[in-house]
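Read-outs: derived from the displayed coordinates by stated rules, not from any lab. The model shown is predicted, which means the values in this text are computed figures rather than measured ones. Here the Cβ positions follow ideal geometry from the backbone for every residue, glycine too, while neighbour counts run over all protein chains shown.
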Amino acid sequence: MGMNNIKKLKILWNIVRNSTKILIKTKSFQKVINSLFYDKNKLIIESPEYIDYVVMRDGSKYYMSRLINGVIQAKQDYIFDDIHKDDIVIDIGASVGGFSIPASKKQNWFMPLNL
């Protein structure tokens, strides 16, 4: 068995062990699910109608919409290091700007399109 598979098994074992402890302690499967997705760097917003906008650590400002989770997903999915000042970037399907706003800070010419 390769080292990669051993690491995966250890991670899986930790998830099962910790989930079982939480289930025994709380008797709530929902709390087990919540614990699997807990991240101290993320905030779950259950009532976005009370929040006008969100400002990220890099200073990017996003107005609230039902698509705000796309911002977090874009920051996880894209590497912005390959965008240079002289590049021309066109974002087709810009939505709430999860890719558009950080990318626009990296170069001189940017066009977001939400078709």
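Compactness of the chain was expressed as the Cα radius of gyration divided by 2.2 N^0.38 Å, which yields 1.46.
Count Lys and Arg as plus one, Asp and Glu as minus one, and take only other residues whose Cβ is under 14 Å from that of residue 17; the net charge is then +3. A crude spin-label estimate for the pair residue 69 and residue 17, with each label 7 Å from Cα along the Cβ direction, gives 3.0 nm.
As a quick test, which of the pairs 10/31; 10/61; 8/31; 8/106; 40/75 have an alpha carbon distance above 27 angstrom in this structure? Too far apart for the 27 Å limit: 10/61; 8/106.
Dipole magnitude for the chain: about 1020 debye, using +1 per Lys or Arg Cβ and -1 per Asp or Glu Cβ, origin at the Cα centre.
Mean separation of Cα pairs under 8 Å and 6 or more residues apart, divided by the residue count, gives the chain a relative contact order of 17 percent.
Only bridges with both residues in segment 40-115 count here: give the DSSP antiparallel percent, nearest 5.
Numbers: 3 of 8 bridges.
Close to 40 percent.
Values of log10 I(q)/I(0) for segment 58-100 across q = 0.20, 0.24, 0.27, 0.29 Å⁻¹ run -0.70, -0.96, -1.12, -1.21, by the Debye formula with one identical scatterer at each alpha carbon and no solvent.
What does the net charge come to around residue 107 if you take all other residues with beta carbon closer than 14 Å to its beta carbon, with K and R at +1 and D and E at -1? Spell out each step's value before the answer.
Working: positive: 85, 105, 106; negative: 81, 82, 86, 87, 91.
Within the 14 Å Cβ shell, the charges total -2.
Ellipticity at 222 nm from helices only: DSSP H runs of n ≥ 4 in the chain, each -39500 (n - 2.57), divided by the residue count, give -12500 deg cm²/dmol.
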